[in-house]
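Have a look at the structure below, then the notes.
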Amino acid sequence: MAIIKRVLTSADIERRLTIPRYYVGAFPDVQESQAVELKMKDEMGHAWTFRCSLESAISPRLVFSSGWLHFASSKHLHVGDTIIIHREVDQDNTAASYKIELLYMEIFSKLLTISDVTSGLSIPTGDLLHFPTPKGGRCYMVLVVNDSIGQVWKFHLYPNSHDTLAFTEGWLEFVKAKGVREGDKVIFSTGNNQDGAILHEHYSIVVKRSPFTFQGEPIYMDVEELPRERLPIPTTEIIFFNKN
């Protein structure tokens, strides 16, 4: 049974995983002022051990410390990734086992250039390993991608002249349909199938835009949540002629 679904923050990635107070009751093994070693298996069956403790300086919250940063580093977790923790009990309700899996894992993000939105999306060199390359004499691959509202797109992935890959067909239609523009931020993620194995053929895409800043930092929002910009209404000039 899934007991926690959490979108990771920068503090979760850089320091320790903190579980909000309303999830504390899902971990009866953890008691206040006493750290516990929780063993969990990931989606591939590998075992991990996390040192967990209950903090109540302001309000009760569960903290994963030792073991968590090693897990986050090994899984290449990013801010915005989603994890799910499951808890299963035996028939006698006397022993519990835990499982942790990645629901969404960010594989790359990029601020779009004018070339990205007019010619094709070029994938950063360091992120090429997350994408398949054309094989068997084929000059391109077709990737099925889901956007943030569940719409399905098919992007053609071509090798370009700089030993990298780029999306062209399908991507340009996506750009036009979503009103994507230079300076927007595109985020690609992979998802899980039902048994937890990561599917590198299953991709999702989110495009974000910064409509404003806070303390000098851009605040990004999904373009689906922003009002679509309307084209200006052309001005009509009426000229009256005097026949005299």
Once the other residues with Cβ under 14 Å from the Cβ of Glu173 are scored (Lys, Arg +1; Asp, Glu -1), what is the net sum?
+1
Counting Lys and Arg as +1 and Asp and Glu as -1, what is the net charge of the other residues whose Cβ lies under 13 Å from the Cβ of Ile149?
-3
In the structure displayed, which of Lys5/Lys154; Lys41/Lys208; Lys41/Lys185; Lys5/Lys185 lie more than 31 Å apart, Cα to Cα?
Lys41/Lys208; Lys41/Lys185
Packing-ranked peptide list from 180-188, 8-16, highest mean Cβ count within 10 angstrom first, is 180-188, 8-16
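Laboratory data are not the source of any read-out in this text; all were calculated from the coordinates shown. Note that the coordinates shown come from a computational prediction; the quantities given were computed from them, not determined experimentally. Reconstructed Cβ throughout: ideal geometry from the backbone, glycine too, with neighbour counts over all protein chains shown.
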